[in-house]
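Take a look at the structure below.
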């Protein structure tokens with residue numbers, strides 16, 4: 001295994017630990033960094049697979065307290081719109097996708113830094129809308145956990161119940177979009193050997209995150225995560241602007 005592969009996998013473990021502790025962010029952190037090692041569409045499907053494995057781990061470790069009503073009202077439109085977003089990826093350039101991702105991540109991160117307690121209403125209409133929008137964005141650019149969190153935190157449910165419910169919704173979204181990515185040929189055979197390794201790393205990261213989730217100040221930790229996301233996304237925007245100018 002090459003040193004770059006070890007770094008790639010280590011970043012995945014770190015991303016899953018952070019994502020489990022913060023309640024969002026594993027793919028939001030991992031996707032920009034993975035794009036330094038492989039092309040964007042390969043990164044999109046590898047991170048989606050890794051994210052699916054991580055959510056299996058979160059469901060396992062936070063399995064008590066799933067909110068079935070939220071799963072239905074928020075999850076169903078999320079699954080359907082994720083498929084639509086994933087279908088559109090094949091017809092878009094990597095440069096455009098990276099630029100869109102950078103703009104989305106920075107805009108969302110700044111919003112949460114300025115308004116850390118931002119949450120949408122907990123009514124059925126808001127949940128349906130939030131599920132559809134976040135699902136579409138996840139399918140199109142590979143990440144949308146922070147937006148999903150903004151809608152779900154308005155429910156004022158306890159942390160473990162939130163993590164379990166969000167993980168099942170994210171798992172369904174991943175399971176919807178991954179076959180579309182694979183059908184479009186985003187993952188070359190040379191990367192297949194990563195899949196079982198990513199499975200082990202995702203479960204390990206979820207387990208470690210579960211163990212330390214209650215030992216840190218969540219507000220300060222989420223702020224650090226958002227700042228890191230902003231820094232990682234700046235390069236996407238710069239690369240996109242330069243490429244379009246050329």
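The numbers here are math on the coordinates, done by the rules we state, and not lab data. This one's a predicted model, so the numbers in the text were calculated from it and none came from an experiment. With ideal geometry, Cβ positions are generated from the backbone for all residues, glycine too; neighbour counts draw on all protein chains shown.
First check a/c for the stretch 109-217, with a ≥ b ≥ c the square roots of the eigenvalues of its C-alpha gyration tensor; if it is under 1.5, answer rounded, and if not, answer prolate when a/b is larger than b/c or oblate otherwise.
Numbers: a/c = 2.20, a/b = 1.36, b/c = 1.62.
Taking the square roots of the gyration eigenvalues as a ≥ b ≥ c, the stretch 109-217 is oblate.
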Exercise. Answer rounded, prolate or oblate for the stretch 195-246, using the Cα gyration tensor with square roots of eigenvalues a ≥ b ≥ c: rounded when a/c is under 1.5, else prolate when a/b is larger than b/c, else oblate.
Key: oblate
Quiz item: Exposure proxy check: 117, 211, 98, 161 ranked by fewest other beta carbons within 10 Å?
Solution: 117, 211, 161, 98
Practice problem: Describe numerically, in nm with one decimal, the distance between label points set 7 Å from Cα along Cα→Cβ at residue 235 and at residue 118. | Solution: 2.5 nm
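Can you sort 5, 217, 67, 174 from fewest to most other Cβ atoms within 10 Å of each residue's own Cβ? Walk me through the intermediate numbers first.
Working: 5 13, 217 8, 67 19, 174 24.
Listed from fewest to most nearby Cβ atoms, that is 217, 5, 67, 174.
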Exercise. On a C-alpha basis, how far is the centre of the stretch 37-116 from the centre of the stretch 123-155 in Å? Whole number, if you could?
Key: 9 Å
Quiz prompt | Gyration tensor verdict on the stretch 67-117 (Cα atoms; rounded if a/c is under 1.5, prolate if a/b is larger than b/c, oblate otherwise) | solution = oblate
Quiz item: Spin-label point model (7 Å from Cα, Cβ direction): what's the residue 6 to residue 125 distance in nm?
Solution: 5.6 nm
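What does the helix-only formula give at 222 nm for the chain: each DSSP H stretch with n ≥ 4 adding -39500 (n - 2.57), the total divided by the residues, and the result rounded to the nearest 500 deg cm²/dmol? Display every interim value, and only then the final one.
Working: 10 runs with 192 residues, N = 246.
After summing the helix terms and dividing by residue count, I get -26500 deg cm²/dmol.
Starting from the Kirkwood Rh over alpha-carbon pairs, what translational D in µm² s⁻¹ does the chain have by Stokes-Einstein at 20 °C and 1.002 mPa s?
Details: Rh = 17.7 Å.
Approximately 121 µm²/s, per Stokes-Einstein.
Sort 114, 73, 47 so that the residue with the fewest other Cβ atoms within 10 Å of its own Cβ comes first and the one with the most comes last. Present the calculation step by step, with values, prior to reporting the outcome.
Details: 114 8, 73 19, 47 28.
So the ranking, lowest neighbour count to highest, is 114, 73, 47.
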